[in-house]
Every structure is written in C-alpha cells, then in structure tokens.
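Report on the structure given below.
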Amino acid sequence: PTPGALLTPALASLSPVAVVGAGLGGSAAAYFLQQHFGPQVQLDVYEAAGVGGRLATVTVNKQQYESRGASIHALSLHMQDFVKILGLKHRREVAGKSAIFSGEHFVLEETDWYLLNLFRLWWHYGISFLRLQMWVEEVMEKFMRIYKYQAHGYAFSSLEELLRSLGGEAFVNMTQRSVAEALLEVGVTQRFVDDVIAAVLRSSYGQSVLVPAFAGAMSLAGAQGSTWAVEGGNKLVCSGLLKLTKANVISARVTGISLHSSEGRALYQVHYESTEGQGSAFYDLVVVTTPLHPSRSNFTFENFDPPIADFPGAFQPSVTSVVHGYLNSSYFGFPDPKLFPFTSILTTDTPDLFFHAMDNICPVNISAAFRRKQPQEAAVWRVLSRQQLDKQQLKTLFRSYYSVQVAEWQTYPRYDAAKALPPIVLHENLFYLSGVEWVASSMEMIAVAAKNVALLAYNRWHQELEKIDQKDLMHKVKTEL
C-alpha cells in the first residue's frame, strides 16, 4: 500500500489487537506487540487446542516429557530473553552419547572424549566436517545481525527483504537450493553428506538432504552447538508470555477474517467457533500465527480486493511415539544390553529404515538426584518416524514395553515442495507470521519473526516508513552505534 493508505499518526490510537494461535509464535507476537505499542493495548489471543502449540508434553509414570520442540540453540537470544524475563530456569543437562545407524551398523559413534570424536570425524571424513563448520558459522554470523537490526527498530515487509538484509542475494538463494548442493560446493564430500548431514536433517525435519540450504544450516547449527531446554517444559515460555502481557486468551478456532472499513480505515472482523457456538469481533490489527495452507486450515478471507490467494506448499507428516520400555539393543548389534552406550540414535537415509531418530529422554523436571536409566533398564524413548509404528516395528526396537503414546503432527513444511516464500503482509494491518517456517523452522526463527511482525505493525501504524525494508542496514546500524 502507498503511505497514504496507511493511517495518519493522528488516528493512531490502537483498539484491540487479535493474535490467531497461542503457540510460541502467537505468545511471542503478543509480547512484542505489547512491548512496542505499550501496555494499554488490549490483546485477544485465539487458540483452539491449548497454549503452547507444538511445544507439548506427554506424561509417563507421573513424569512429564517433551514430545517435540525439545532443544534450543545456545545463540537463541530471544528465547534466552524470554526465559530471563519470566524467571524460568535452564534444565540441567544430562550427558549422553549419540550414534548414526545405517540399518545394519553404526556409521559413526560418539565417545566421551571430545578429541577422540574429532579424530574419528577426521579419520572418516577428512576435512569435510571442518568445511561444514566454517559454512554453518558463516551463515550463523550473518544471521545474528537480525538482533542488532531489531534492537534499532528496523523491520522487513517480506521474508526475502529480511534475508537480503542479512546475507544479500546469497541468503535468498539459500531458500531455493538444497543443502546438499551448497555443501558439495564448499568441498564437503558426498559420503559426509550421506552419513552425517542426512542423519541430522532426518532427526530435525524428518526430511532428506534436499531441504533448502538455509533451513539445513539452521538445523546443523543446532546439531553442533550447545543446546538447552526449559526446566518444567519449553511450553512454559508460551503460557508465561501470555500471562505477562495479560492477554485475553479465547478458547476458539478462528474460521476466517472479513474486511470492513470504518472512517476510511481497514477494520478486520475475526470469525470464530467455540463450544458456545459461533462468534466474531472487530480489530484494527490482526496477526495470524497458524499455518494458512489448505492442508492445515480451512481459513477464509472475505471482501479482500485483490483476494488473498491460497498458499502453495504442503506439510510433512511426522509421528512421535513416546515408548516406556526395554530397548532391543541386539537390533543395533549389542546382544548384551548392559554394553549399549548410546542415548540418542540418528539414522541415515536408508529405504528400509522405518524411523528417523530415537532418544532416551529425560523428564522436564530433573531433580539433583536424577540419573539416566541404564541401557538394560526400562526407559522412556522418543521415536520419530514418518508413519505410525506397527507392532512389528515396535518389537524390532523394544524387547518389551509398558506403554506407547503416539502424537501425529504436520510439523514442518515439506521443503522440497516450496518455490516462493509466503508473504508477511496480507493486507494493510493484517500480518502472517508462520510463513517464516518456509525459511527455516525452529523456536528462535519463530521468535525472530514475531519480533519482526510487531516492529513492522508498529512502524506502519506510526508511519515510520524509514524503519521498513531499509537498504544497507549494516552500515546504518554501525553509524547509529
């Protein structure tokens, strides 16, 4: 829209704001909107399922375990901030070793010795892992610029503009070509890609090395850096932020948004269904944080001209099985379960392998006395797979088990299906947050997108157009400092 189509500052007192979805995106958006527009802003947050979205927990033997979204990268500055502001704690780390399984044998095993691990990587893959590290570090270093831009109030009206400001056209191209292609180009060997990169991407996205390079870099950064989680469960960040902003959480499913105008400005009517029936309410500003793909939601937009188009792309089905039982270590080549040394098993892209990864998980509340179960004892394992595991497959992985809890998700975008990135601005003051997952999907990416949407909404509302899509920001921010 032309600047004239935006509000003049004289009109700029903001009536209630609607946020659709109370997962991490919705709760972070509510928090940042209040941070920028001020505490007087009334926030209505619509959520059909439950606060926390994918950051859910399951209960086994009266203990809670993360079912997804388990680890947060050390460089996740917004997530670190949330934890600090909310007075939450980092969960105590319980050390464990991982290995990569090919369906027949382990292609790589971690030891307790950092230097020995390096030596093994070097021995197996030569200089590949160093090249990988340099590549990931270069991407992360440029990505970290976003925090400086956001601290100075700069926002971006499209994902392409945001990426361009961080790493130029090269970053935009990283959403269009595969991680395999990018790594082979910097001298990583095919063998390293097949063994190690494939295993990491299967465990994080449930997909192959054909995922775009940017999403791949983010996932690989999480695999090699130090990670952490929130004591009591990562979902506490969502409930905490909503409590902090005193948001009005409305337990209802939003079915659509229709456009009206009042005194020459856009007014959005949010339609919803709850247990009490159907209802609607009017807002000056709306942020949608649930995926708007036909496969995921039947969301309608009415009276928009031009109409808001359907979003291309599909989602990857993914199944989490939380199994309380005895690992069948002989399947992994360890007839004596006492000798099985691994707490986390990644897998290569082998046609016969029916699971992506499995790990021996710790509860979300870890007492000082807590110790991890020995391999011959019954433990709680989280198994990630594309399809639900049948009895035979469970028998392959476990000698016997007490319980199996299954959650099916459409968790991540199917990255090979994406061509163009979804928009952030759907209409003057109607914004879309979840599109960022087509760049990369992690808790921090969603938090960065939430901050961007809040700044974008604020800058547009107050006509601070010089703060939007600025070119040459690195230079500007340096001079401002």
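The values are calculated or read from the model by the stated rules, or taken from the named source; none is laboratory data. Since we're looking at a predicted model, the values are computed, not measured. Cβ coordinates were reconstructed from backbone atoms using ideal geometry, including for glycine residues, and neighbour counts include every protein chain displayed. When the accessible area is computed, the model is the full protein with side chains, heavy atoms only, and any ligands, DNA or RNA have been set aside. Shrake-Rupley method; radii C 1.70, N 1.55, O 1.52, S 1.80 Å.
Structure data summary
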| item | result |
| --- | --- |
| Some residue of segment 228-247 being more than 22 Å from the chain's Cα centre (by Cα) and buried (at least 23 other Cβ atoms within 10 Å of the Cβ) | yes |
| Criterion violated by GLN133 - all others in (1) more than 26 Å from LEU430 (Cα to Cα); (2) open to solvent by less than 10 Å² (accessible area, probe 1.4 Å) satisfied | (2) |
| Meets criteria (open to solvent by 20 Å² or more (accessible area, probe 1.4 Å), within 25 Å of the chain's Cα centre (by Cα) and without any contact (Cβ under 8 Å) to a residue 24 or more places away in the chain) for ALA309 | yes |
| Hits in segment 373-387 (condition: open to solvent by 40 Å² or more (accessible area, probe 1.4 Å) and within 19 Å of VAL60 (Cα to Cα)) | LYS373, GLN374, GLN376, GLU377 |
| Residue in segment 389-402 that is nearest to LYS97 (Cα to Cα), counting only those that are of a type outside the set (Asp, Glu) and surrounded by fewer than 14 Cβ atoms within 10 Å (Cβ to Cβ) | THR396 |
| Residue satisfying condition, being more than 28 Å from LEU55 (Cα to Cα) and under 27 Å from the mean Cα position of the chain (by Cα), within set THR350, THR300, THR320, THR343 | THR350 |
| Residue in segment 113-120 that is touching a residue at least 24 places away in the same chain (Cβ under 8 Å) and open to solvent by 40 Å² or more (accessible area, probe 1.4 Å) present | no |
| VAL319, sole failed condition from (1) open to solvent by less than 30 Å² (accessible area, probe 1.4 Å); (2) of a type outside the set (D, E, K, R); (3) part of a loop (DSSP other than H, G, I, E, B) | (3) |
| Qualifying positions in segment 415-427 - modelled with pLDDT under 95, open to solvent by 10 Å² or more (accessible area, probe 1.4 Å) and touching a Pro at 6+ places or on another chain (Cβ under 9 Å) | ASP416, ALA417, ALA418, LYS419, ALA420, PRO422 |
| Residue among VAL425, VAL404 that alone is in contact with a strand residue (DSSP E or B) (Cβ under 7 Å, 6 or more places away or on another chain), in contact (Cβ under 8 Å) with a residue 12 or more places away in the chain, under 30 Å from ALA18 (Cα atoms) and β-branched (Val, Ile, Thr) | VAL425 |
| Residue list for segment 154-187, filter: among the charged types (D, E, K, R), in contact (Cβ under 8 Å) with a residue 40 or more places away in the chain and more than 14 Å from PRO212 (Cβ to Cβ) | GLU161 |
| Within segment 147-164, tally of residues that are open to solvent by less than 20 Å² (accessible area, probe 1.4 Å) and either of a type in the set (Gly, Ala, Ser) or farther than 24 Å from LYS419 by Cα (or both) | 5 |
| Residues within segment 165-177 that are crowded, with 18+ Cβ neighbours inside 10 Å and under 20 Å from the mean Cα position of the chain (by Cα), tallied | 5 |
| Per-region count, segment 267-296, residues under 27 Å from ALA447 (Cβ atoms), in a strand (DSSP E or B) and open to solvent by less than 40 Å² (accessible area, probe 1.4 Å) | 8 |
| Contacts under 6 angstrom Cβ, first residue in segment 77-100 being of a type in the set (A, V, I, L, M, F, W, C), partner assigned to a loop (DSSP other than H, G, I, E, B) and open to solvent by 30 Å² or more (accessible area, probe 1.4 Å), 6 or more apart | VAL94/ARG372 |
| Matching residues, segment 256-266, being of a type in the set (S, T, N, Q) and either in contact with a Phe, Trp or Tyr (Cβ under 6 Å, 6 or more places away or on another chain) or open to solvent by less than 10 Å² (accessible area, probe 1.4 Å) (or both) | SER258 |
| Residue list for segment 186-237, restricted to those being closer than 18 Å to ILE127 by Cα and either charged (D, E, K, R) or outside any helix (DSSP H, G or I) (or both) | VAL186, GLY187, VAL188, THR189, ARG191, ASP194, ASP195 |
| Hits in segment 351-371 - residues which are within 24 Å of ALA199 (Cβ to Cβ), touching a residue at least 24 places away in the same chain (Cβ under 8 Å) and surrounded by fewer than 15 Cβ atoms within 10 Å (Cβ to Cβ) | ASP352 |
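Residues checked against (1) out of contact with any strand residue (DSSP E or B) (no Cβ under 8 Å at 6 or more places or on another chain); (2) of a type outside the set (Asp, Glu); (3) open to solvent by less than 20 Å² (accessible area, probe 1.4 Å):
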{"site": "GLN410", "(1), (2), (3)": "no, yes, no"}
{"site": "LEU430", "(1), (2), (3)": "no, yes, yes"}
{"site": "SER434", "(1), (2), (3)": "no, yes, yes"}
{"site": "GLU444", "(1), (2), (3)": "no, no, yes"}
{"site": "ALA457", "(1), (2), (3)": "no, yes, yes"}
{"site": "HIS462", "(1), (2), (3)": "yes, yes, no"}
{"site": "ILE468", "(1), (2), (3)": "no, yes, no"}
{"site": "LEU473", "(1), (2), (3)": "yes, yes, yes"}
{"site": "VAL477", "(1), (2), (3)": "yes, yes, yes"}
